[in-house]
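Worksheet: the structure to be examined is printed underneath.
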Amino acid sequence: MGRGRGQGSLGLFLGWPRARASFTRDPPSWPGASSREGLAGASTAHPEFWGRGLGGAGPRPRAGQGGSMLNRVRSAVAHLVSSGGAPPPRPKSPDLPNAASAPPAAAPEAPRSPPAKAGSGSATPAKAVETRASFSRPTFLQLSPGGLRRADDHAGRAVQSPPDTGRRLPWSTGYAEVINAGKSRHNEDQACCEVVYVEGRRSVTGAPRELSPGQGLCFYYWGLFDGHAGGGAAEMASRLLHRHIREQLKDLKEVTHESLVVGAIENAFQLMDEQMARERRGHQVEGGCCALVVVYLLGKVYVANAGDSRAIIVRNGEIIPMSREFTPETERQRLQLLGFLKPELLGSEFTHLEFPRRVLPKELGQRMLYRDQNMTGWAYKKIELEDLRFPLVCGEGKKARVMATIGVTRGLGDHNLKVCSSTLPIKPFLSCFPEVRVYDLTQYEHCPDDVLVLGTDGLWDVTTDYEVAATVDRVLSAYEPNDHSRYTALAQALVLGARGTPRDRGWRLPNNKLGSGDDISVFVIPLGGPGSYS
């Protein structure tokens, strides 16, 4: 497709080392644990568990086989004692970092941080790597083993932020996160904050090509990745997407043209998605993720969003939306048009038309409201046999779904996602291309209280833009303008405000409404003040 250029250096799943812990793998959660997936989420979440019992011993014994079962249990215990308690290892991809550095018999309360890189000479036993499921958190959090355990605690839900050790994130960026209330085993959000250098690419004669007045240029990069049906896609994107952007910027003859930078970012998203498709089996890149990325380059901020995360600028009390959510409701017409042009994607199970409710067989021949890919309003049509199929887009608000399965329409990954009890793939309806909005920092005089707030949907599900702006004013006014910790304090306040406090009936907000039970991740990027752009 002409988009594989520059992939040689990105083929390996590498990146900064991450704080990581290893735990004995649990049985799979009930399908559809993610709010974005229905029952079909089980088809990609933990494929290794299907077709076997929880202990991997095969089918259950029939009635009357109690003695045989007892003998099998005795044999299994004897085998475990003699073999050290680990099942035979499965093949391991050589490109991935070791998922665990603890010995096979290590207890779940002993996570290691960080893991050894592939090829580093680690003596980690293969069976320890294969029998343990790992999770990781952003490196800049600098979590100790105890900190990893607290970050993974669904009951306490402690807010995590980078330590105040004098090493600040670029632009004194604030960050905070908290794990979900139990909807998934680990925190499936990931984050990345980098300063990326783009070297000038040399021609055949060896002379450097001009990218800027120097030999290259730097861009600042922030990314939030909200995973679903597993955290593999989010972790891979957090490690590699900025590298794809760097490679695309290398190809540009002129980076001062806004449209070329936007195209480079869009192309990078597609290349990232294609890499996930190629490597999803060997690297166990399960599920998918929404991606919200910010790039600062030559005085302009580029905000790229694919999914239901959100970015807003709060400037002198004014709210400036920098993204919009992509859901089955907001992209209904695009989805319906694709279903109309390629009916084979719908099989014999779905219709591209939308009705106010599910059509019943007894309503054949009657007139009912409907709308298609060309309509924003509603009209009447006579119900035909094909209209009894399930609608491509159904539900409202957070319950809206594509093919009754997934609640976001743009993002990365989800290459294995299929309709429940069907072979119909859903990926053709999901776009990896982001919407990119540009904000020119040089056009305004910014003060230290002007910020760009990025948040995953765990924040926005229970918090409005106006409530965020009020929190920005309340928290920042309590700090001196030159106090760099103010932005971390603001990120923590936003996360705490969305999480709520534990009560008898779950996590509650001050108004007694339910707090967010989702993973919550927030970046606060200051747009003004001393040293912001240095």
Flag for G339 being in the same structural domain as W171 (by the TED database) and out of contact with any Pro (no Cβ under 7 Å at 6 or more places or on another chain): no
Positions within region 307-338 being assigned to a helix (DSSP H, G or I) and basic (K, R), in sequence order: R332, R334
Which numbered condition K127 misses (of (1) open to solvent by 20 Å² or more (accessible area, probe 1.4 Å); (2) assigned to a loop (DSSP other than H, G, I, E, B); (3) modelled with pLDDT under 50): (2)
Selection from region 366-381 of residues that are within 16 Å of F340 (Cβ to Cβ) and surrounded by 14 or more Cβ atoms within 10 Å (Cβ to Cβ): Y370, R371, D372, Q373, M375, K381
Residue list for region 157-185, filter: under 10 Å from V495 (Cβ atoms), touching a Phe, Trp or Tyr at 6+ places or on another chain (Cβ under 7 Å) and either assigned to a loop (DSSP other than H, G, I, E, B) or at pLDDT below 90 (or both): S161
Enumeration of residues in region 152-183 that are in contact with a Ser or Thr (Cβ under 7 Å, 6 or more places away or on another chain) and open to solvent by less than 10 Å² (accessible area, probe 1.4 Å): G174, Y175, A176, E177
Single match in E354, E384, E349, E363 (criterion: over 28 Å from D461 (Cα atoms) and either among the basic types (K, R) or open to solvent by less than 40 Å² (accessible area, probe 1.4 Å) (or both)): E363
All strands (runs of 3 or more DSSP E) inside region 459-533 with 3 or more residues being surrounded by 19 or more Cβ atoms within 10 Å (Cβ to Cβ): 520-526
Counted residues, region 275-289 - those being buried (at least 18 other Cβ atoms within 10 Å of the Cβ) and part of a helix (DSSP H, G or I): 3
Out of G299, G307, sole residue that is small (G, A, S) and surrounded by fewer than 18 Cβ atoms within 10 Å (Cβ to Cβ): G299
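The values are calculated or read from the model by the stated rules, or taken from the named source; none is laboratory data. All of these numbers come straight from a predicted model, not from anything done at the bench. Note that each Cβ is placed from the backbone with ideal geometry, even for glycine, and that neighbours are counted across all protein chains shown. Just the protein is used for accessible areas: all its heavy atoms, side chains included, with ligands, DNA and RNA removed. Shrake-Rupley method; radii C 1.70, N 1.55, O 1.52, S 1.80 Å.
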